[in-house]
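Participant: Here you go, one structure.
FYI, it's all coordinate maths here, none of it is from the lab. Quick caveat: nothing in here was measured; it's all calculated off a predicted structure. Here the Cβ is made from the backbone with ideal geometry for all residues, glycine too, and neighbour counts use every protein chain on show.
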Amino acid sequence: MPDEEFVVTPYEVKGRVDYDRLREQFGTQALTPDLLAKLHHIAGADLPPLLTRGIYYSHRDLGPLLDGFAHGKPFFVYSGRGPSGPLHTSHLVQFDLCLWLQRRLGVPMYIQITDDEKYWARAGLSREQTAHWGLENLYDILALGFDPKRTHVFFDSRSIAALYPLAIRVARKIPYSTVKAVFGFEPSANIGLVFFTALQTVPAFWPSWAEGRSVPCLIPCGIDQDPHFRVTRDIAEGLGYPKPALLHSRMVPGLLGEAAMSTSANAADNALFLNDPPATVERKVRHAFTGGRATVEEQRRIGAVPEICSVWALWRTRFAESDAQFEEVTRQCRSGELLCGDCKSQLLERVHAFYAQHAIAREKAKTWAESAIVTEAPKPL
Ligand code: TRP
């Protein structure tokens, strides 16, 4: 595939992604400083690094959603995870933003765990595995600090009675030709995946269905998930529900320097998994691809290149405490003051501290995870 070509769908990320071109291909809107200022105003607090550092960069209809909120129309947040294995740090990008929104705006959060989808999408995974990882991933997500009173989980295989009455209606609105065009399935694709997009749509409408009134929805997600929600938005009005608004992030590069932090193939070293022991974390960071030069002398002279560095990406997305710290690391990297080994040591301190704190929060999350899983439909039909 030539350098400038890339493919992004929910089931495949290939090539070096040009995010601006992808946004144009998908027909989404750019996340502008004006919109961020509006969110800042509504939240009454500084925006989180994920928004100020350009990780989230695209959206659909965020403006009207925020205006609605400002005029007394609250929304809820919806995001999800396909449990194919342990979570890695870049999977937290979407949930970190959800958490910030829940804390600042007091909004309810709905999390979908798609253990069915991953079983259908990955030939090598057993049902036991996707169900197992579903629960493990859920503990990690809840451990970020979600409020038990305002957080609800659709664990597909266990929540199907709650989802199905609405899925029946949704599925009737989606022609096969749309699914084929949007996801590009091969003739050999199993029919589970053909149906699945209906289930990913359901949580976006569920609170409106349950409450019998229109409740706006905001979905923070990787831009690779946009195709599902184009389908959702196309059918929303026909079913009498509001179109969900979306906030799209870039995909964070892997430690070995690939386009996405992929967990497929033999890429275990390409990501920091939340269940990696400290020694493994240490080894992976030490081997991570950087934007450094061939020799110390050269790096001191002309500086390194943060934009291609996987360690810089970790600072950027999660581990820099403040914008000031992030800018300082970036400046020192570019000027050649900071060598890669020292940068990695500094990062590792932050990573180890996060893992230690996360392990404690995770045990606490286990005590209420089961009770957050929705198992019943709000009404018979
Ligand atoms: N399909 C997503 C995945 O493979 C999981 C998912 C379900 C999701 N609902 C979502 C992701 C809503 C983002 C937003 O990981």
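Participant: Explain nothing, just compute: Karplus ³J(HN,Hα) = 6.51 cos²θ - 1.76 cosθ + 1.60, θ = phi - 60°, for every residue of the range 86-97 in order, whole Hz, x for Gly and Pro.
Facilitator: Whole-Hz 3J(HN,Hα) from phi for the range 86-97: x, 6, 10, 4, 6, 5, 7, 3, 6, 6, 4, 5.
Participant: Also, I was wondering about something else. Starting from a Cα-only point model with no solvent, please compute log10 I(q)/I(0) by Debye for the chain at q = 0.06 1/Å.
Facilitator: Values returned for q = 0.06 Å⁻¹ are -0.23.
Participant: Separate question: Taking a ≥ b ≥ c as the square roots of the Cα gyration tensor eigenvalues, with a/c under 1.5 meaning rounded and otherwise prolate when a/b beats b/c, else oblate, which class fits the range 115-239?
Facilitator: Taking the square roots of the gyration eigenvalues as a ≥ b ≥ c, the range 115-239 is oblate.
Participant: Could I ask something else about it? Starting from 0.36 nm per residue, how many nanometres of slack lie between ASP147 and GLU282 once their C-alpha separation is accounted for?
Facilitator: 45.4 nm
Participant: Summing -39500 (n - 2.57) over the DSSP H runs of n ≥ 4 in the chain and dividing by its residue number, what mean residue ellipticity at 222 nm do you reach, to the nearest 500 deg cm²/dmol?
Facilitator: Calculated at 222 nm, the ellipticity per residue is -16000 deg cm²/dmol.
Participant: Just need the relative contact order of the chain here, percent rounded to a whole number, with Cα pairs under 8 Å and 6+ apart.
Facilitator: 20
Participant: Further question on the same structure: Could you give each residue of the range 215-229 its phi-based ³J(HN,Hα) in whole Hz, using Karplus coefficients 6.51, -1.76, 1.60 with θ = phi - 60°, and x for Gly or Pro?
Facilitator: Using θ = phi - 60°, the values come out as 10, x, 10, 10, 10, x, 7, x, 5, 5, 8, 3, x, 4, 7 Hz.
Participant: Give me the Kirkwood hydrodynamic radius of the range 190-260 in Å, from all C-alpha pairs, to one decimal place?
Facilitator: Over the range 190-260, the inverse of the mean reciprocal pair distance is 13.6 Å.
Participant: Also, I was wondering about something else. Rounded, prolate or oblate: which one fits the range 1-139, using the alpha carbon gyration tensor with axes a ≥ b ≥ c (rounded when a/c is under 1.5, else prolate when a/b beats b/c, else oblate)?
Facilitator: oblate
Participant: What residues have an amide H closer than 5 Å to that of VAL215, excluding those fewer than 5 places away on the same chain, when H is modeled at 1.01 Å from N in the peptide plane?
Facilitator: Excluding prolines and chain starts, which carry no amide H, the hits are SER208.
Participant: Something else now. What net charge do the residues around THR280 carry, taking every other residue with its C-beta under 13 Å from that of THR280, with Lys and Arg at +1 and Asp and Glu at -1?
Facilitator: Neighbourhood net charge equals 0.
Participant: From the residues LEU142, LEU99, ALA121, which one has its Cα farthest along the dipole of the range 71-175 in the positive direction, the dipole being from +1 and -1 charges on Cβ of Lys/Arg and Asp/Glu about the Cα centre?
Facilitator: LEU99
Participant: Name the longest site-free stretch of the chain, where the excluded sites are trypsin sites (Lys or Arg not before Pro) in a DSSP loop with no more than 13 other beta-carbon atoms within 10 Å.
Facilitator: 17-212
Participant: Step through the residues of the range 332-340 one at a time and calculate ³J(HN,Hα) from phi using the Karplus curve (6.51 cos²θ - 1.76 cosθ + 1.60, θ = phi - 60°), rounding each to whole Hz and writing x for Gly and Pro.
Facilitator: Result, ordered by residue: 5, 5, 5, 7, x, 5, 9, 8, 4 Hz.
Participant: What distance in nm separates the two pseudo spin-label positions at GLU328 and THR52, each 7 Å out from Cα along the beta-carbon direction?
Facilitator: Label-label distance for GLU328 and THR52, simple model: 1.4 nm.
Participant: In this model, which of LYS180/LYS243; LYS243/LYS364; LYS284/LYS366; LYS149/LYS344 are farther than 31 Å apart at the alpha-carbon?
Facilitator: Beyond 31 Å: LYS243/LYS364; LYS149/LYS344.
Participant: Treating cross-link reach as a plain straight distance, find the aspartates and glutamates whose alpha-carbon is under 20 Å from the alpha-carbon of LYS73, omitting any fewer than eight places away in the same chain.
Facilitator: Leaving aside aspartates and glutamates fewer than 8 places away in the same chain, those within reach of LYS73 are ASP61, GLU211, GLU237.
Participant: Give me the extension gain from GLN29 to LYS379: residue separation times 0.36 nm, minus the current Cα-Cα distance, reported in nm with one decimal.
Facilitator: The GLN29-LYS379 span can extend by a further 122.4 nm.
Participant: Roughly speaking, what is the stretch gain from HIS40 to ALA123, that is 0.36 nm per residue apart minus the C-alpha to C-alpha distance, in nm to one decimal?
Facilitator: Contour length minus Cα-Cα distance gives 25.5 nm.
Participant: So, in nm, how far is label ALA181 from label ALA361 when the simple model puts each one 7 Å beyond its Cα toward the Cβ?
Facilitator: 4.2
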